[in-house]
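Worksheet for the structure shown next.
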Amino acid sequence: MEEQEYFLGVDAGATKTTLFVVNSKGKKIFETKKDNLSHRHLTEKQFVNTLDEIALSIKQDIKFSCFAFAGMDTEEEEKKIVKMIKKSKLGKMVKSDFIVVNDIETVLPSIDAENGAVAIAGTGSAFFAVSKNKTVKASGVGYLLADEGSGYFIGLKVLRAAVKSNDGRGKKTILEKMVFNKLKIKNVEDLVDYIYTGNLKKQVAEFAPLAEKALEKKDRVARDILNSAVDEIEVGIKAVVKRAGLKGNSKIALTGSVFTNKFIMKYLNPRIKKLFPKAEICIVKNSAIGAAKLAIKESK
């Protein structure tokens, strides 16, 4: 009987981390979720401790691994991450048999596609396209420089609209009451105390779902916020498809919590179809499987 070989895929995000263990045929053996594993928001000790926790949950002997990180854009960041992985119990478990990539590179493998476009819109956002030997990226350089269309982008607009509504600088919106109710606070001063402590990006993104709830109550400010997110996602997809020279029948993969928003999907889908009538739109719910498939590919 042939001995089983196992491969690990880790999708490390700013809000949550998912890991997949698969066999050599890509069949899922084990899956679990952990808290955020962000090299930008955690200290080295916190980062290593989270990896140690992941190591305890894996019972298989791993042949090769792929770690995919949101927002890993530079060679220095990659070196820092590799160093921290090697310090952890998980690093000792997988030895040197692993690769580290940007999380956007695992989405197309999740749907077994070599070419196509990707839009990630979770806590942050990024766009990516592959055509033959050409690879292009857009956005994905952090919340100060980009992240348009993301949960952070929407959440920040929600918070700013609430503050403006409260102090009379903007249109009156139900978002003001919804923000206060969410935190069980009564004034902007309490909101300030909450927002400027802890993981800023994650905490701001947590307010994004309020936009859809406010829109259900026909709030016009919420509609404008969500429309602006649709605009940004459309622009991002259009940019990478054009730069990569993708043909019209390519796959366009969407992944991240923003794409669970019914309003966004209702208005985004027709726009993509209008731009690329022959494109196949795919929703990727979990790209950790793509990281595991990359691990299989890179081990050969």
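Coordinate-derived values only; no laboratory data. What you see is a predicted model; the values in this text were computed from it and never measured. Here the Cβ positions follow ideal geometry from the backbone for every residue, glycine too, while neighbour counts run over all protein chains shown.
Projected label points at ASP224 and GLU280, each 7 Å from Cα along the beta carbon direction, are separated by 4.1 nanometres.
Kirkwood analysis of the Cα pair distances in the stretch 113-283 returns a hydrodynamic radius of 16.7 Å.
In units of the rule-of-thumb radius 2.2 N^0.38 Å, the chain shows an alpha carbon radius of gyration of 1.05. Modelled spin-label separation between GLU3 and LYS134, with each label point placed 7 Å from Cα along the Cα-to-Cβ direction: 4.6 nm.
Most fluctuating residue of LEU275, LEU90, LEU156 in a GNM of the chain with Cα springs under 10 Å: which is it? Greatest mean-square fluctuation among the candidates belongs to LEU275. The listed peptides 205-213, 185-193, ordered by packing as a protection proxy, come out as 205-213, 185-193 (highest mean of other Cβ atoms within 10 Å first).
Straight-line cross-link reach from LYS172 at under 12 Å between alpha-carbon atoms covers these aspartates and glutamates, not counting any fewer than eight positions away in the same chain: ASP219.
The separation of the stretch 28-50 from the stretch 74-115, counted between C-alpha centres, amounts to 12 Å.
Considering only ASP103, ASP167, ASP61, the mean-square fluctuation computed in a Gaussian network model of the chain, springs between alpha carbons under 10 angstrom, is largest for ASP167. Take every DSSP beta bridge whose two residues both sit in the chain; close to 55 percent of them are antiparallel.
Annotation: aspartates and glutamates with alpha-carbon distance below 16 angstrom to LYS213 (same-chain offsets under eight excluded): GLU176, ASP224.
Computed over the chain, relative contact order equals 23 percent, with contacts defined as Cα pairs under 8 Å that lie 6+ residues apart. Checked against a 27 Å cut-off, the cross-linked pairs LYS87/LYS182; LYS79/LYS293; LYS59/LYS87; LYS137/LYS164; LYS28/LYS92; LYS25/LYS274 give Cα-Cα distances beyond that limit for LYS87/LYS182; LYS137/LYS164; LYS25/LYS274.
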